[in-house]
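**Q** Provided herewith is a single structure, encoded as structure tokens, for subsequent inquiry.
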């Protein structure tokens, strides 16, 4: 692991002590590359260019993958299962990886300080769906008015156009090209709807929206998927197909600037719910606090729900699904709903 003396002051979120374990669990290639980097000052210098609010190792490898996807004939591409039907062993990858990074040093020095991780993992919708159902019921079964903060390409805004499989329980559009499978863990059963909750409107806010009709956006979305998870590539392609037919509505800009207009436009007979997944905890802490303060103040006029699906290195365990209810200008109720994995594959509802 990287020693605190070298990186601690540059990693206020403690991503360097948290994210590498997920690399070991999910991506043998990334895990081997990350461990091998620890004795490589030249590559550690590049790693330090990343915004400390971002998941540092994951963003670094995503940027490298973005460059690899533009140069698929490079020897390093032979270690990517997505690009090579018979990939080479991850244990042999570091020399080729290092050569690739140094050959693309200029591009990395340009991209690493400015890019943001924008994984649009639609399988997380299966984790969000029980929370949507819960909010729908709490709101008196009035149609949902949903606002997503940090929507990237907006693929999750089409959640109501997907099919969901929780074991033998199937919900949603069985004919959709996007079929999401989520394993339920534990003894508590989440509040799965028989039919999807009624939806009045669904909008996103994104500082740097990705246009899925462009090659750049699609390439970046693919680059954010970890090399071994080929199922995620296929699901992304299916979600892109849906998005091209049903373009999501995304407002470009800062959430603190765009959120008030969306909140004000929701009629009183709709259930207002703001949600974010792997977004607010990957940005400046002051933005997160401003958003929460804005929702708190706006709740003086009406009830507002906030669904959070975030990973927090300061907390034990993995990502949490949480529900915040704001009423009369204050936080009225908080619930930790479920424990989740990073890519929507499982959900453990808490009693």
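Derivation of every value follows stated rules applied to the coordinates shown; laboratory data play no part. From a predicted model like this one, the values you see are computed outputs, not experimental measurements. Note: ideal-geometry Cβ built from the backbone for every residue, glycine included; neighbour counts use all protein chains shown.
**Q** What order do you get for 111-121, 286-296 when each peptide is scored by the mean count of other beta carbon atoms within 10 Å, highest first?
**A** 111-121, 286-296
**Q** Can you give me the Cα centroid spacing of region 165-231 and region 268-323 in angstrom?
**A** After rounding, the separation between the Cα centres reads 19 Å.
**Q** Any idea how far apart residue 137 and residue 194 come out in nm if each label point goes 7 Å out from Cα toward Cβ?
**A** 1.3
**Q** Taking the 0 to 90 degree range and rounding to the nearest ten, how far is the long axis of helix 125-138 tilted relative to the main principal axis of the chain, both from C-alpha atoms?
**A** 20
**Q** Summing -39500 (n - 2.57) over the DSSP H runs of n ≥ 4 in the chain and dividing by its residue number, what mean residue ellipticity at 222 nm do you reach, to the nearest 500 deg cm²/dmol?
**A** Values: 12 runs with 127 residues, N = 351.
That calculation yields -11000 deg cm²/dmol at 222 nm.
**Q** Moving on. Tilt of helix 255-264 relative to the longest C-alpha principal axis of the chain, in degrees (0 to 90, nearest 10)?
**A** The angle comes out at about 20 degrees.
**Q** Something else about it: Could you give the semi-axes, largest first, of the ellipsoid that matches region 69-162, computed as the square roots of 5 times the alpha carbon gyration tensor eigenvalues and rounded to whole Å? Kindly include the intermediate steps, with their values, before the conclusion.
**A** Working: eigenvalues 338, 59, 20 Å².
Square roots of five times the eigenvalues give 41, 17, 10 Å.
**Q** Please report, to one decimal in angstroms, the Kirkwood hydrodynamic radius of region 209-351 built from all distinct Cα-Cα pairs. Before the final figure, lay out each step's value.
**A** Values: mean 1/r = 0.0576 Å⁻¹.
Its Kirkwood hydrodynamic radius stands at 17.4 Å.
**Q** Where does each of 45-54, 154-163 land if you order them by average Cβ count within 10 Å, highest first?
**A** 154-163, 45-54
**Q** Output the 0 to 90 degree angle, nearest 10, between the alpha-carbon long axis of helix 230-245 and the longest principal axis computed from the alpha carbons of the chain.
**A** The answer is roughly 50 degrees.
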